[in-house]
Amino acid sequence: MKNALDRIVRSQVWRSIFRHGLPDSNRSRAETVFYNFFLHLHPTKVRKRSIKFTYTWGLGGMSFGLFIVLVVTGALLMLYYRPSVPQAYWDMKDLQFVVSSGTFLRNMHRWAAHAMVALVFLHMLRVFYTGSYKPPKEFNWVIGVVLFVVTILLSYTGYLLPWDQLSFWGISVGTNMIHAMPFGVGDKIAFLLLGGNIVGENALVRFYVLHCFVIPVVAIVLMAIHFWRVRKDGGV
Amino acid sequence: MDDKEEKHSKEENAMSRRYFLEIVGGGAVLTAAVGSAVVIGQYLSPNVLREPALRFKAGLIENFSADSITLDKEQKVFIVRGKEGYFYAMSAVCTHLGCIANWKPEDGVVACPCHGSKFNKEGNVVDGPAPRSLPRFSVTLDEQGQLVVDKSVIVGEDVILKV
């Protein structure tokens, strides 16, 4: 048994993945951070006071954690949900009453979405109160504001997908607000967003694509930049 | 001006090869980018809409009693028949944010469930956040005695269909 384990650990495949032992000097610790893809986002050294929990309250990290929960539960929900007028509502009902753990996944997606909006907002407040938007972190504050808007848009585009009365009128009212933009710009944007003049089949598909593909991709790219900048500016 | 000096100024004015290629290459990329944006913009704007037609038949005039207000849910239009028998058609889409307003006979108002706007029977705002009165649509009578409403033609309050 021990022999077999030894052979695995000494095999070329194993050693191609785990290339070093545990780092034992400051130099090798720094190198580990530099050369590991997942760790390279981190600064090689961190100030003790910036990792104090009551300084950050871990709000950004928790927001990211919820994003992961939303991606996983969302991908699973996509397997039973078809974004078309005859099916969307009944697929949602099927998820609630017919699919194993469907209610659990749907509720998890919903609660995580609500929590993410709340936590991103609280994270923004924390950054404001600790003055962490000041130079040299101004650029990251700007990205953060865009990420907050992206979070709201993710929440809003998901709102239409159950295709019930609440969704329908929520999106009707929301897209009607766009019409208030002057010089016909609002009318054009609302038309492109809905793919027509009414909240119908086109609107449902457009919101689905925005919710499941376009906005998440934007969010992931912005998050990568956001986290990288946090670390370059000496945070965790 | 001597020969040497002339040659020098000529070189200064001449476009360098690098700059020329930058202009050509950059221009090509810019043209492709603008072209793509235009094509995608056109793609996003549907050419055929499978939405309810704006001109529709609302029913035979006998079906509407005098002094009545009837909501066509599908078309989101009120067919109003006055005491004297005349007709007019009025949008049921609230001018605030687009919810469907309902006729409340007990209060004698058209009320929107979303944000509490109220309109009178003539479509004028009496309460709430609605900024404009409900628009009136053209109503005509066809040979079979059917009311035909055209939502693409907005008419004033003075235009009514006398029968």
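Spherically averaged projected area of the convex hull of Cα atoms, the protein assembly as shown: 40.3 nm². Backbone N atoms of segment B:84-105 closer than 19 Å to the 7 Å Cα→Cβ label point of B:Asp158 belong to residues B:86-89.
With θ taken as phi - 60° and the Karplus curve 6.51 cos²θ - 1.76 cosθ + 1.60 applied, the whole-hertz 3J(HN,Hα) list for segment A:188-205 is 5, 4, 4, 5, 5, 5, 8, x, x, 9, 10, 7, x, 3, 4, 4, 4, 5 Hz, x standing for glycine and proline.
Interface A/B, total buried accessible area with a 1.4 Å probe, nearest 100 Å²? It would help to have the intermediate numbers written out before the result.
Values: alone 16010 and 11350 Å², together 26310 Å².
Using a 1.4 Å probe, the pair buries roughly 1100 Å².
Near B:Leu60, within a Cβ-to-Cβ distance under 14 Å, what is the net charge of the other residues, with Lys and Arg +1 and Asp and Glu -1?
Numbers: positive: B:Lys57, B:Arg81; negative: B:Glu62, B:Asp72, B:Asp142, B:Glu143.
Its environment carries a net charge of -2.
Between A:Leu105, A:Phe53, A:Ala30, the Cα set farthest toward the positive side of the dipole of the protein assembly as shown (charges on each charged residue's Cβ, about the Cα centre) is that of A:Ala30.
Split the accessible area of segment A:1-75 by element, probe 1.4 Å, and carbon with sulfur accounts for 64%. Applying Stokes-Einstein at 4 °C and 1.567 mPa s to the Kirkwood radius of segment A:43-131, computed over alpha-carbon pairs, gives a translational diffusion coefficient of 85 µm² s⁻¹.
Rounded, prolate or oblate: which fits segment A:152-236, taking a ≥ b ≥ c as square roots of the Cα gyration tensor eigenvalues, rounded meaning a/c under 1.5, else prolate when a/b beats b/c? Provide the component values of the computation, followed by the final result.
Numbers: a/c = 2.80, a/b = 1.93, b/c = 1.45.
Verdict is prolate for segment A:152-236.
A Cα-only calculation for segment A:1-50 places Rg and Dmax at 15.0, 46 Å. Averaged over the residues of peptide B:44-56, the number of Cβ atoms from other protein chains lying within 10 Å of each residue's Cβ is 3. Quick one: among A:Phe128, A:Phe18, A:Phe183, which has the greatest mean-square fluctuation in a GNM of chain A with alpha-carbon springs under 10 angstrom? Answer for the Gaussian network model of chain A: A:Phe18. For chain A, the longest principal axis of the C-alpha atoms and the axis of helix A:102-129 are separated by about 70°. Buried on complex formation within segment A:160-204 (loss of at least 40 square angstrom of accessible surface versus the isolated chain, 1.4 Å probe, ligands and nucleic acids ignored): A:Trp169, A:Val173, A:Asn176, A:Phe191, A:Leu192, A:Ile198. Entry comment: accessible area of segment B:55-155 is 49 Å² per residue, from protein heavy atoms only and a probe of 1.4 Å. Pick from B:Ser36, B:Ser117, B:Ser16: which residue has the top mean-square fluctuation in a GNM of chain B where Cα pairs under 10 Å get a spring? The residue that fluctuates most here is B:Ser16. The Cα-based radius of gyration and maximum Cα-Cα distance (Dmax) for chain B are 30.8, 103 Å. The C-alpha atoms of chain A define a longest principal axis, and helix A:26-35 lies at about 40 degrees to it.
Once backbone amide H atoms are built at 1.01 Å from N, B:Val155 has B:Arg136, B:Phe137, B:Ser138 as its partners under 5 Å, excluding neighbours fewer than 5 places away on the same chain. In chain B, the longest principal axis of the Cα atoms and the axis of helix B:3-13 are about 20 degrees apart. Cβ distances below 4.7 Å define possible disulfide partners, and in the protein assembly as shown the cysteines left without one are A:Cys212.
Calculated [222 nm] ellipticity per residue, helices only, for the protein assembly as shown: -16000 deg cm²/dmol; basis is -39500 (n - 2.57) per DSSP H run with n ≥ 4, divided by all residues, nearest 500.
When a/c is below 1.5 the answer is rounded, else prolate if a/b is larger than b/c, else oblate, so apply that to segment A:57-232 with a ≥ b ≥ c taken from the square roots of the Cα gyration tensor eigenvalues.
On the way: a/c = 2.43, a/b = 1.33, b/c = 1.83.
Oblate.
The values are calculated or read from the model by the stated rules, or taken from the named source; none is laboratory data. Just so it is clear, the structure is predicted and the values come from calculations on it, not from any experiment. Neighbour counts are summed over all protein chains in view; Cβ atoms, including those assigned to glycine, are modelled from backbone coordinates with ideal geometry. The accessibility values were calculated without ligands, DNA or RNA, using every heavy atom of the protein model including side chains. Shrake-Rupley method; radii C 1.70, N 1.55, O 1.52, S 1.80 Å.
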